[in-house]
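A short worksheet on the structure shown next.
The values are calculated or read from the model by the stated rules, or taken from the named source; none is laboratory data. Here the structure is a predicted model, which is why all the values come from computation and not from measurement. Cβ atoms come from the backbone with ideal geometry, glycine included; neighbour counts cover every protein chain shown.
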Amino acid sequence: MRSMADAWAARAGDPNPGLRHEDAHWSWAEVVHEASRRAAWWAGVRVPGPPHLAVLLDNVPEHHFWLGACALTGAVYVGANPTHPGPALAGELDFTRCQVLVTDRAHLEMLEGHDLGPAIGVASAGNPRVHLVDGDDAAALAPSAGLPDVDLVHDVTLGYLIFTSGTSGSPKACRCTQGRMVVIGDVLRQRYEFGPGSCCYLSMPLFHSNCLMSGWAPAVVGGATIALPTGGRFSASGFLSDVRRHGVTYWNYVGRPLSYVLATPEQPDDAETTLRDVFGNEAAPGDVDRFARRFGCSVSENYGSTEGGIAISRTPDTPAGALGPAPLGVLVVDQDGEECAVAQFDETGRLLNALEAVGEIVTDTVPPNFEGYWENEEADQTRVRDGKYWSGDLAYKDAEGYLYFAGRGDDWLRVDGENFAAAPVVRIIDRHPDVVVSAVYAVPDPSVGDQVMAAVQLRPGAAFDGVAFGAFLSEQPDLGRKWVPRYVRVAHTLPTTATSKILVRALRTEGIDCDDPVYELVPGGTLAYVEREVVQSSL
């Protein structure tokens with residue numbers, strides 16, 4: 001297969017189960033038929049210009065059908081993120097020069113009245129460039145259509161514009177060709193032996209690279225059944241029932257979904273399911289083993305950038321908490337471009353020299369699979385400079401060459417002239433038995449540099465005890481003196497992206513003036529926290 005168009009064409013006539021959602025199901029032959037109907041509609045409305053088609057939908061069957069239509073015709077799928085505010089999302093669709101917006105009435109509300117660019121114009125019902133899948137527009141589809149000529153689609157055909165999450169900075173549209181997508185899909189197909197007996201649960205948003213590359217593409221290439229989440233979105237409480245309902249064998253995730261599922265009440269039959277393999281990245285280290293034990297499956301943490309520059313996979317001998325062995329030419333460097341010190345650990349596996357060991361993941365040459373950003377030369381130059389590819393992500397490497405993820409490049413803090421990454425501090429706070437998820441970020445120091453602020457989401461029924469939390473921190477031998485949070489925000493829920501990544505950028509913007517209770521470190525030698533209002537009234 002040279003393209004995703006070839007992968008879709010290979011499923012035409014396939015009688016095996018192709019798609020399941022709630023009580024509905026389709027064979028692969030029926031799925032390709034539905035995609036071909038939408039491809040025929042697209043061919044009738046195309047106008048000169050970039051063949052860009054935006055999809056603003058949850059993980060519902062229509063989303064999958066339109067992904068297929070784009071693949072079969074060589075149209076560029078632009079994944080629209082419904083968690084972005086209306087004006088920002090409208091700007092993204094204008095920037096990527098979309099010709100058509102496919103959405104439903106519920107999502108149209110957030111864009112109605114906004115100008116989406118010259119090709120689409122103002123978003124509104126009745127606009128011929130806005131196709132409503134739950135309105136009269138659906139009747140415009142031909143009842144039947146033949147398979148498009150996939151020979152017109154090539155490996156170098158631009159297939160996807162995928163926006164980065166924007167957890168720390170502004171989102172950027174990454175370019176991905178059909179050839180790169182099908183190669184990624186085939187790698188995972190072979191790794192997990194996907195076929196008609198496999199069922200891939202796609203609960204992460206389809207517009208995100210994790211779901212497209214780690215779930216959707218390998219399922220299409222391998223002819224596995226795709227199961228979509230009840231209600232079209234990930235639900236921790238609905239996860240296990242969906243697994244059992246559809247006979248799920250594989251699940252991909254990104255961010256902290258493991259934490260949210262583990263926070264649901266444990267049942268004695270949790271491991272009695274068809275789930276075999278879980279593949280993802282950025283889970284809390286302790287959650288990987290806990291999830292595998294509780295649900296009787298294998299969980300593999302991996303690393304791969306949407307841009308395609310670097311991929312790191314676990315091997316059977318990879319230590320707990322590590323991403324995998326550093327591929328040849330992959331380095332960890334400091335802010336001066338010098339290779340960082342080897343990570344040192346204590347007998348419990350805790351990092352002892354984070355200041356010297358944590359740096360940015362780079363390659364010593366520019367990888368050929370880096371396809372750049374859509375019309376963003378500045379972003380391209382940030383990634384590629386001095387003959388190297390700079391990932392923008394942080395890590396540390398042990399003496400055997402295994403890499404450990406340490407956060408995003410924007411997660412650096414500077415306290416009293418000392419630079420350090422947020423991720424090691426997050427890992428320490430996540431050890432607290434009452435913490436479901438946490439984030440660590442910088443807030444301005446009144447004089448110079450930063451102060452450390454943490455935000456925590458506690459387990460249901462737990463209450464924050466500032467004295468006990470301070471005592472917990474004081475017992476952590478790998479917590480640097482300058483890493484101790486000055487402020488702790490206690491939230492019922494932390495703001496997240498659609499992929500359950502904590503939206504650190506929003507937390508940083510709100511700072512200490514937020515709607516949640518904020519506790520402040522009590523001055524003195526003993527670590528303890530009291531509510532900020534109490535601190536202010538006593539000083």
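Every condition in (1) in a strand (DSSP E or B); (2) under 28 Å from the mean Cα position of the chain (by Cα) is met by Ala506 except one, and the failing one is (1).
Does region 51-59 include one or more residues that are under 20 Å from Ala219 (Cα atoms) and not aliphatic (A, V, I, L, M)? Yes - at least one qualifying residue is present in region 51-59.
Of all strands (runs of 3 or more DSSP E) completely enclosed by region 397-474, which ones contain at least 1 residues that are buried (at least 23 other Cβ atoms within 10 Å of the Cβ)?
By residue number, 402-408, 418-421, 435-444, 450-458.
Can you find a residue that is modelled with pLDDT of 95 or more, in the same structural domain as Ala292 (by TED's automatic domain parsing) and assigned to a loop (DSSP other than H, G, I, E, B) anywhere in region 183-194? There is at least one residue in region 183-194 that is modelled with pLDDT of 95 or more, in the same structural domain as Ala292 (by TED's automatic domain parsing) and assigned to a loop (DSSP other than H, G, I, E, B).
Taken over region 225-240, residues that are of a type in the set (Phe, Trp, Tyr) and assigned to a helix (DSSP H, G or I) amount to 1. Listed conditions (1) closer than 27 Å to Gly195 by Cα; (2) in the same structural domain as Cys176 (by TED's automatic domain parsing); (3) of a type in the set (Gly, Ala, Ser) are all met by Ser313, apart from (2).
Need at least 3 residues that are under 22 Å from Ala227 (Cα atoms), without any contact (Cβ under 8 Å) to a residue 24 or more places away in the chain and touching a Ser or Thr at 6+ places or on another chain (Cβ under 9 Å) per element, so show me which strands (runs of 3 or more DSSP E) inside region 250-315 make the cut, counting only ones lying wholly within it.
Fully inside region 250-315 and qualifying: nothing.
State which residue is nearest to the chain's Cα centre (by Cα) when the search covers only region 341-391 and only residues that are hydroxyl-bearing (Ser, Thr, Tyr) and crowded, with 18+ Cβ neighbours inside 10 Å.
Initial filter on region 341-391 (hydroxyl-bearing (Ser, Thr, Tyr)): 348, 363, 365, 373, 382, 389, 391.
Okay, now just the ones that are also crowded, with 18+ Cβ neighbours inside 10 Å, so 363, 373, 389, 391.
On the way: Thr363: 22, Tyr373: 17, Tyr389: 21, Ser391: 16 Å.
Of everything passing the filter in region 341-391, Ser391 is nearest to the chain's Cα centre (by Cα).
Screening region 138-157 for residues that are more than 15 Å from Glu34 (Cβ to Cβ) and without any contact (Cβ under 8 Å) to a residue 24 or more places away in the chain and picking the one that is surrounded by the fewest Cβ atoms within 10 Å (Cβ to Cβ) gives Asp151. Among the residues making up region 2-27, those that are in a helix (DSSP H, G or I) and more than 27 Å from the chain's Cα centre (by Cα) are Ala9, Ala10, Arg11. Filtering region 477-488 for residues that are in contact with a Gly (Cβ under 6 Å, 6 or more places away or on another chain) and either surrounded by 18 or more Cβ atoms within 10 Å (Cβ to Cβ) or on the phi < 0 side of the Ramachandran plot (or both) leaves an empty set. The set of residues in region 499-514 being of a type in the set (D, E, K, R) and within 15 Å of Tyr487 (Cα to Cα) consists of Arg508, Glu510, Asp513. Within the set Gly91, Gly49, the sole residue that is surrounded by fewer than 19 Cβ atoms within 10 Å (Cβ to Cβ), farther than 23 Å from Ser27 by Cα and free of Cβ contacts under 8 Å to residues at least 60 places away in the same chain turns out to be Gly91.
Exactly one residue out of Ala283, Ala227, Ala219 is among the hydrophobic types (A, V, I, L, M, F, W, C) and farther than 30 Å from Trp28 by Cβ: that is Ala283. Checking Val440, Val452 one by one, the residue that is out of contact with any Gly (no Cβ under 8 Å at 6 or more places or on another chain), farther than 24 Å from Arg290 by Cα and not hydroxyl-bearing (Ser, Thr, Tyr) is Val452 and no other.
Given the criteria closer than 18 Å to Leu206 by Cα, modelled with pLDDT of 95 or more and either touching a Ser or Thr at 6+ places or on another chain (Cβ under 7 Å) or assigned to a loop (DSSP other than H, G, I, E, B) (or both), does Asn81 qualify? Don't jump to the end; show me each part of the working.
Numbers: closer than 18 Å to Leu206 by Cα: yes; modelled with pLDDT of 95 or more: no; either touching a Ser or Thr at 6+ places or on another chain (Cβ under 7 Å) or assigned to a loop (DSSP other than H, G, I, E, B) (or both): yes.
Considered against the rule, which asks whether it is closer than 18 Å to Leu206 by Cα, modelled with pLDDT of 95 or more and either touching a Ser or Thr at 6+ places or on another chain (Cβ under 7 Å) or assigned to a loop (DSSP other than H, G, I, E, B) (or both), Asn81 comes out as no.
Being free of Cβ contacts under 8 Å to residues at least 12 places away in the same chain and within 26 Å of Pro368 (Cβ to Cβ) is a description that does not apply to Gln178.
Evaluate region 209-223: report whether one residue or more is farther than 21 Å from Lys501 by Cα, outside any helix (DSSP H, G or I) and in contact with a strand residue (DSSP E or B) (Cβ under 9 Å, 6 or more places away or on another chain). Steps first, please.
Here is the first cut: in region 209-223, the residues farther than 21 Å from Lys501 by Cα are 217-223.
Then keep just the ones that are outside any helix (DSSP H, G or I); that gives 223.
The next check asks that each one be in contact with a strand residue (DSSP E or B) (Cβ under 9 Å, 6 or more places away or on another chain); those that pass are 223.
Among the residues of region 209-223, at least one is farther than 21 Å from Lys501 by Cα, outside any helix (DSSP H, G or I) and in contact with a strand residue (DSSP E or B) (Cβ under 9 Å, 6 or more places away or on another chain), which makes the answer yes.
Within region 383-396, the set of residues being in contact with a strand residue (DSSP E or B) (Cβ under 7 Å, 6 or more places away or on another chain), in a strand (DSSP E or B) and on the phi < 0 side of the Ramachandran plot comprises Lys388, Tyr389, Trp390, Ser391, Asp393, Leu394, Ala395, Tyr396. The residue of region 335-366 that is farthest from Ala284 (Cα to Cα), among those that are part of a loop (DSSP other than H, G, I, E, B) and among the hydroxyl-bearing types (Ser, Thr, Tyr), is Thr365.
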